[in-house]
Amino acid sequence: MSASTIQPVRGMNDVLPAQIATWQWLESTARELLAGYGFEEIRVPLVEQTQLFKRAIGEYTDVVEKEMYSFVDQGGEQLTLRPEATAGIVRAAISNGMLRGARHKLWCTGPMFRHERPQKGRFRQFHQIDVEAIGFAGPDIDAELIALTARLWKRLGLTRVSLQLNSLGTSESRRAYRELLVAYFRGHQSQLDEDSRRRLEGNPLRILDSKNPEMQAIVAGAPLLTDHLDPESRAHFDALCAMLGDLGIAFTVNPRLVRGLDYYSRTVFEWITDALGSQDAVCSGGRYDGLIAQLGGDATPAIGFAMGVERVVSLIEQAATAPAPAGADVYLVTLGEPAMRAAIRLAEALRDALPGRRIELNVGGGNLKAQFRRADRSGARLAVVIGADEIARGVAQLKPLREPGAAQSEVALVVAPAEVTGWLARGAGR
């Protein structure tokens, strides 16, 4: 590779054809499951006003302080590549007048952007499946979303995932807890790292989410939010736990689970794995009952989650649960220009007759041996062979490729589409 070769941007990766079948299987499985639960797809811009994320995510979060791709455009607007999807979906619901007492079950998928240190399972451009339920206040929707994710793992054949739960209470109960937390951490201020000292006044709950190993002993001694929940949040959380027990969904209550974004309240949850090293979270979410009002909409309860596509794809690859990519149904082999002209017409006729089937035409030339190698690599079940002799006689040869000992047959070109369709329909195809 020469020095002048343009390399991809660090932390932004290509998804190559060898991997794409697993991505497509995950996406199609999730799409089908979400539809079955009554969720509708929404598509929101990759670029939003920077202020949206500052107001939604919180100015004292790592995402806003360190990781956002922000810029001033030619019109002087402060814009940001979306680091997550919830804020954009909420903005869309408000700006398009979707609220006003209505309830919505929405989802989207696509790339997100964070300027993090690239490592295994953590990229600067990454993809998420994001699911939001807007206008639902009770623990029943919390349970349904978690049940949906549990069902997705089953459909994907993934077993090395486990669920952690916590409740952050209401903003009022968190304010009282915040005072206790500030007092505790001030008593250990000399032991706090730089990030924690800065967060102490802005958002001390974020100290509980510190990944610094030297901070873990201090964090472990901090007061527990679950010991200071308001009665309504405690009842909400207890009801959720009971529903998950009824569904047979195992979970662990983790009182240190606070999530990295400021807009969460009450229920928070994470599905984690022991199969991906330090990047163990594969699906994270929770309630954000105050966010919509915070962004200028009517006070509306809501809950959602985001699933890391790259991490789930890695789990699928480790577990080897994805179905093998479908091969071609028919491969057309030709020799000579007249044969190619006939084969192009036949290929298009077959595509008309067999929508959804994979019909491949050998293009780019090659001798008979090379073309049959390509036909074999394509996974085709049937080769249709047309050469000079076949053109002279107005026929094509049908050669089964996946049935040892199956006889080759000859059909008239004018009836070849019907003959191939019949061959596939009789079960010789898929």
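The values are calculated or read from the model by the stated rules, or taken from the named source; none is laboratory data. The model shown is predicted, which means the values in this text are computed figures rather than measured ones. Positions of Cβ are generated from backbone atoms using ideal geometry, with glycine treated the same way; all protein chains shown enter the neighbour counts.
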* **Cβ-Cβ under 8 Å pairs, at least 6 apart or on other chains, segment 289-307 side free of Cβ contacts under 8 Å to residues at least 40 places away in the same chain and more than 19 Å from Trp107 (Cα to Cα), far side crowded, with 18+ Cβ neighbours inside 10 Å and of a type in the set (A, V, I, L, M)** => Ala299/Ile292
* For segment 144-189, which residues satisfy the criterion of being surrounded by fewer than 21 Cβ atoms within 10 Å (Cβ to Cβ), under 25 Å from the mean Cα position of the chain (by Cα) and closer than 27 Å to His228 by Cα? -> Glu144, Ser162, Leu163, Gln164
* Counting only residues that are polar (S, T, N, Q), surrounded by fewer than 17 Cβ atoms within 10 Å (Cβ to Cβ) and touching an Asp or Glu at 6+ places or on another chain (Cβ under 9 Å), how many does segment 1-40 have? -> 2
* Structure fact -> If you go through Arg103, Arg124, Arg43, the only one that is within 29 Å of Gly297 (Cα to Cα), in the same structural domain as Ala302 (by TED's automatic domain parsing) and surrounded by 12 or more Cβ atoms within 10 Å (Cβ to Cβ) is Arg103
* Asked: Restricting the search to segment 307-335, which residues are more than 25 Å from Thr421 (Cα to Cα), hydrophobic (A, V, I, L, M, F, W, C) and in contact with a Gly (Cβ under 8 Å, 6 or more places away or on another chain)?
  -> Ile316, Ala319
* Structure fact -> Reported set for segment 161-186 where residues are in contact with a Leu (Cβ under 7 Å, 6 or more places away or on another chain) and farther than 17 Å from Ile207 by Cα is Gln164, Gly169, Ser173
* Restricting attention to segment 174-183, does a residue exist that is part of a loop (DSSP other than H, G, I, E, B) and either modelled with pLDDT under 80 or of a type outside the set (S, T, N, Q) (or both)? -> no
* Structure fact -> Apart from one, (1) modelled with pLDDT under 95; (2) of a type in the set (A, V, I, L, M); (3) surrounded by 15 or more Cβ atoms within 10 Å (Cβ to Cβ) all hold for Val90; the odd one out is (1)
* Counting only residues that are out of contact with any Lys or Arg (no Cβ under 6 Å at 6 or more places or on another chain) and more than 30 Å from Ala322 (Cβ to Cβ), give me the helices (runs of 4 or more DSSP H) lying completely in segment 7-95 with at least 1 of them. => 50-57, 86-95
* Which of (1) in contact with a His (Cβ under 9 Å, 6 or more places away or on another chain); (2) buried (at least 18 other Cβ atoms within 10 Å of the Cβ); (3) of a type in the set (Gly, Ala, Ser) is the odd one out, the single condition Ser196 does not satisfy? -> (1)
* Asked: How about segment 344-359: which of its residues are surrounded by 13 or more Cβ atoms within 10 Å (Cβ to Cβ) and either part of a loop (DSSP other than H, G, I, E, B) or not assigned by TED's automatic domain parsing to the domain that holds Val411 (or both)?
  -> Leu354, Arg357, Arg358
* Asked: Do we have any residue at all in segment 287-298 that's over 19 Å from Asp130 (Cα atoms), of a type in the set (A, V, I, L, M) and not in a loop (DSSP other than H, G, I, E, B)?
  -> yes
* **Flag for Ile303 being touching a Lys or Arg at 6+ places or on another chain (Cβ under 6 Å) and either at pLDDT 95 or above or outside any helix (DSSP H, G or I) (or both)** => yes
* Within segment 312-343, track down each residue that is part of a loop (DSSP other than H, G, I, E, B), more than 17 Å from Ala380 (Cβ to Cβ) and among the hydrophobic types (A, V, I, L, M, F, W, C). => Ala320, Ala322, Leu335
* Hey, any hits in segment 391-398 for a residue that's in contact with a Phe, Trp or Tyr (Cβ under 9 Å, 6 or more places away or on another chain) and closer than 22 Å to Gly366 by Cβ? -> yes
* Out of all the residues in segment 360-395, which are assigned to a loop (DSSP other than H, G, I, E, B) and hydrophobic (A, V, I, L, M, F, W, C)? -> Val363, Ala380
* Which numbered condition trips up Asn166, out of (1) polar (S, T, N, Q); (2) part of a helix (DSSP H, G or I); (3) modelled with pLDDT of 85 or more? -> (2)
* Asked: Does Gly297 satisfy the criteria of being more than 21 Å from Asp140 (Cβ to Cβ), buried (at least 19 other Cβ atoms within 10 Å of the Cβ) and either out of contact with any strand residue (DSSP E or B) (no Cβ under 9 Å at 6 or more places or on another chain) or not assigned by TED's automatic domain parsing to the domain that holds Ser162 (or both)?
  -> yes
* To do: Can you tell me which residue among Glu403, Glu419 is on the phi < 0 side of the Ramachandran plot, surrounded by 15 or more Cβ atoms within 10 Å (Cβ to Cβ) and not small (Gly, Ala, Ser)?
  => Glu419
